[in-house]
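Novice: Handing you this structure, nothing more for now.
The values are calculated or read from the model by the stated rules, or taken from the named source; none is laboratory data. Keep in mind it's a predicted model, so treat the numbers as computed, not measured. Here the Cβ is made from the backbone with ideal geometry for all residues, glycine too, and neighbour counts use every protein chain on show. Each accessible area value is taken on the protein alone, full model and side chains, heavy atoms only, with ligands, DNA and RNA left out. Shrake-Rupley method; radii C 1.70, N 1.55, O 1.52, S 1.80 Å.
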Amino acid sequence: MPDRADLSALSVLVVANAQDDVANILEGLPESFTIRLLDEFSFISIATELEGIRADLLILSSESAGTEQISISERLAASTQLPILWFVKRDEENLAPQAIRGGVTSFVVDGLNASRIGPLITIAVERHKLVSTLQGELQKSKDNLAARKTVERAKGLLMQTRGMSEQEAYQSLRSTAMRQGKSLKSVCDAVISLSDLLP
């Protein structure tokens, strides 16, 4: 979502079918927000609507959270990468932890009040940014680890097949990458692929 420090002009999709809930949410949203309403809590309907409006935030409101709705929210979180603020009147099955693990940014039980909407949106958006940053860093660490393993394997193959020292193998791979204008990992991938073809 856009980096809007003041959160003054977000595009929001509100999914609620109880008129009281809709009225409370609309009263709590700033006039500067672009707001679309939807009264059907289904993945297809919500995803289709989100595609059309390029939303920055998804607000859900329902009587309760069932396993089907949790599944829908998980799919929406995975496919949209948007902050999701979900209001429920009750959570008898204690599904809040599952909703949060599934990607819902904020799950609010019995707390839909117009005066709380603004602060809850700020919290949801900032939490989403933080989680997205942490996930990006985790993925980068995983990619770096995978790349290092690939380089180690390629070095090992050169040391075994050409009798090179570890330093010589690394320098050979590095100079090949520079000469071909490729990344070190892609050259190592090629070395490993070629070795897999040999009997």
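Novice: Just to be sure I understand, how many residues within region 29-44 are farther than 16 Å from ILE84 by Cα and assigned to a helix (DSSP H, G or I)?
Specialist: 1
Novice: Can you run down the residue pairs with Cβ atoms below 7 Å, 6 or more apart or on separate chains, where the first is in region 159-176 and under 17 Å from ASP189 (Cα atoms) and the partner is open to solvent by 60 Å² or more (accessible area, probe 1.4 Å)?
Specialist: MET159/GLU166; ALA169/MET159
Novice: Let me ask something else. Give the residue that is most open to solvent (accessible area, probe 1.4 Å), with candidates limited to residues of region 12-44 that are farther than 18 Å from VAL104 by Cα and among the polar types (S, T, N, Q).
Specialist: For region 12-44, the residue satisfying everything is GLN19.
Novice: Scan region 132-154 and tell me whether some residue there is modelled with pLDDT under 95 and under 30 Å from GLU27 (Cβ atoms).
Specialist: For region 132-154, residues modelled with pLDDT under 95 and under 30 Å from GLU27 (Cβ atoms): present.
Novice: Further question on the same structure: Any residue in region 109-136 that is within 17 Å of SER62 (Cα to Cα) sitting within a Cβ distance under 9 Å of a residue that is open to solvent by 70 Å² or more (accessible area, probe 1.4 Å) and not in a helix (DSSP H, G or I)? List the pairs, counting only those 6 or more apart or interchain.
Specialist: Partner pairs satisfying both residue conditions: VAL109/LYS89; VAL109/ARG90; ASP110/LYS89; ASP110/ARG90; LEU112/LYS89.
Novice: Next question, about the same structure. Restricted to region 79-90, and to residues that are over 22 Å from the mean Cα position of the chain (by Cα) and within 13 Å of LEU60 (Cβ to Cβ), which residue is least open to solvent (accessible area, probe 1.4 Å)?
Specialist: Filtering region 79-90 for residues that are over 22 Å from the mean Cα position of the chain (by Cα) and within 13 Å of LEU60 (Cβ to Cβ), the one least open to solvent (accessible area, probe 1.4 Å) comes out as VAL88.
Novice: Moving to a separate point now. Checking VAL104 against (1) touching a strand residue (DSSP E or B) at 6+ places or on another chain (Cβ under 6 Å); (2) more than 21 Å from ALA55 (Cβ to Cβ), which test does it fail?
Specialist: VAL104 satisfies all of (1) touching a strand residue (DSSP E or B) at 6+ places or on another chain (Cβ under 6 Å); (2) more than 21 Å from ALA55 (Cβ to Cβ) except (2).
Novice: Among the listed residues GLY103, GLY118, GLY111, identify the single one that is in a loop (DSSP other than H, G, I, E, B), at pLDDT 90 or above and either surrounded by fewer than 21 Cβ atoms within 10 Å (Cβ to Cβ) or among the basic types (Lys, Arg) (or both). Can you show your working first?
Specialist: Numbers: GLY118 fails: in a loop (DSSP other than H, G, I, E, B); GLY111 fails: at pLDDT 90 or above.
Sole residue among the options that is in a loop (DSSP other than H, G, I, E, B), at pLDDT 90 or above and either surrounded by fewer than 21 Cβ atoms within 10 Å (Cβ to Cβ) or among the basic types (Lys, Arg) (or both): GLY103.
Novice: Could you identify the single residue in GLU74, GLU68 that is open to solvent by 60 Å² or more (accessible area, probe 1.4 Å) and either assigned to a loop (DSSP other than H, G, I, E, B) or touching a Gly at 6+ places or on another chain (Cβ under 6 Å) (or both)?
Specialist: Answer to the check: GLU74.
Novice: Tell me which residues, restricted to region 42-58, are under 14 Å from ALA77 (Cα atoms), in contact with a Leu (Cβ under 9 Å, 6 or more places away or on another chain) and either acidic (Asp, Glu) or free of Cβ contacts under 8 Å to residues at least 60 places away in the same chain (or both).
Specialist: Matches in region 42-58: PHE43, ILE46, ALA47, LEU50, ALA55, ASP56, LEU58.
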